[in-house]
1. Under the classification rounded if a/c is under 1.5, otherwise prolate if a/b is larger than b/c and oblate if not, where does the chain fall, given a ≥ b ≥ c as square roots of the Cα gyration tensor eigenvalues?
2. Spin-label point model (7 Å from Cα, Cβ direction): what's the R37 to D49 distance in nm?
3. By how many nm would the segment from N213 to D242 grow when fully extended, if each residue of separation counts as 0.36 nm and the alpha-carbon distance is taken off?
4. Run the helix sum for the chain: -39,500 (n - 2.57) per DSSP H stretch of 4+ residues, divided by residue count, reported at 222 nm to the nearest 500 deg cm²/dmol.
5. Go through A24, L116, V155 and say which Cα lies farthest out towards the positive end of the charge dipole of segment 2-170; charges sit on Cβ, +1 for Lys and Arg, -1 for Asp and Glu.
6. May I ask you to compute the full-extension gain from F192 to E15, defined as 0.36 nm times their residue separation minus their alpha-carbon distance, rounded to one decimal in nm?
7. What Kirkwood Rh does segment 79-148 have if only Cα atoms enter the pairwise 1/r average? Answer in Å.
8. Can you compute the modelled spin-label distance between D28 and D302, with each label point 7 Å from Cα toward Cβ, in nm?
Amino acid sequence: MLRSRLLGVGSYLPERIVTNDDLAKIVDTSDEWIYERSGIKRRHILAEDECTSTSSIKAAKEALAMSGLKGEDIDLIILATATPDKTFPATAAIIQRELGAKGAAFDIQAACSGFLYAMSIADSMLKNRQATTALVIGAESLSRITNWLDRNTCVLFGDGAGAAIFRAEEATDSIQSFGIHDMIIRSDGNQFDLLCSSGGAATSEDCGKITMNGREVYRHAVTNLTSIAEEILTRNHLSHQDLDWFIPHQANMRIIESVVQKIALPMDKVILTIEDTANTSAASIPIALAKGFTDGKLKAGDLILFDAMGGGFTWAAGLLRL
Ligand code: ACO
């Protein structure tokens, strides 16, 4: 059978760092309030001449280097983003041009669950032989859709990009085999208004700014992240003890701790970036995945559980053996 094997990862965080103390000079907040409620200390913010494609290309080049591949070896690019360079065409097309990749390139939008949605689509396409080598990217320029005068939202978000390369390879159906073992994606459009942009191309003719009902998002996030993690473990006949690592979407430390407690995982199995990156939406999981490698934590044979939740609402989970 064919399985999607992870060959390499990369990430990019802009040079400019904005601390909680910096934000306290703009809005009525404090380092203490932000850290206690979210676990965030600082976030990276794009320079004026940077955007989603430039961050994506830097992360992709790192992933290519780790994989020992060239741009022309890639025949599928899927970019998950809520902040594309332009309304159309897809930002993935710019990335394809820059890397000299072939085949298909397109964007998908599933807010903070976007990377896992993209990974799920790539996995299906690789298994169906529609492509051989996929570059899956999560990248956001959230600073461009943040209302910097709204303390309810501006303290929570940051910019960045992460990339992963998967290749279809022959494998066994044993859980010990490398590759993506399962993906679940879900959405509930009834919750559309709880976390959304205030505008869009077809409504306000601009991209709007982030709006959010924080308490409701928090409540749904803990419920959905927990239930989908339990579902994917159960349907693969796994328990939390079979997992080597948990890589959740990095939105809020309290959300992560609550989910980790509910699925009975020790915190030292969780890969965290939230303190230094804040919430980078679709970029957060691949940035954390790349950090797991640079920190020397992730090793061949490790089993990783991914878990994400975001606007829509959308939520998703995945199981990957390195
Ligand atoms: N600094 C200081 N005070 C603030 C700030 C701030 N930055 N923001 C809000 N407050 C105030 C509020 O105005 C409120 O004051 P009031 O009681 O006088 O009205 C008070 O703090 C308490 O506000 P709450 O909203 O009740 O605070 P809560 O404990 O719920 O924490 C938070 C707010 C951090 C937003 C939390 O609800 C949360 O994390 N929600 C999830 C949001 C999230 O993660 N969104 C990201 C996208 S979704 C995703 O990725 C899963």
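The values are calculated or read from the model by the stated rules, or taken from the named source; none is laboratory data. Please read these numbers as outputs of a predicted model, since none were measured by experiment. Quick reminder, even Gly has a Cβ in these numbers, built from the backbone with ideal geometry, and neighbours come from all protein chains shown. Areas reflect the complete protein model, heavy atoms only, side chains present, ligands, DNA and RNA absent. Shrake-Rupley method; radii C 1.70, N 1.55, O 1.52, S 1.80 Å.
1. Values: a/c = 1.60, a/b = 1.21, b/c = 1.32.
Judged from the Cα gyration tensor, the chain comes out oblate (a/c at least 1.5, b/c at or above a/b).
2. 3.7
3. Numbers: separation 29, 0.36 × 29 = 10.44 nm, distance 3.56 nm.
Full extension from N213 to D242 adds 6.9 nm.
4. Working: 10 runs with 103 residues, N = 322.
Counting only the DSSP helices, I get -9500 deg cm²/dmol.
5. L116
6. Numbers: separation 177, 0.36 × 177 = 63.72 nm, distance 3.32 nm.
The span from F192 to E15 would gain 60.4 nm if fully extended.
7. Values: mean 1/r = 0.0781 Å⁻¹.
When all Cα pairs of segment 79-148 are included, the Kirkwood radius is 12.8 Å.
8. So the two model labels end up 4.4 nm from each other.
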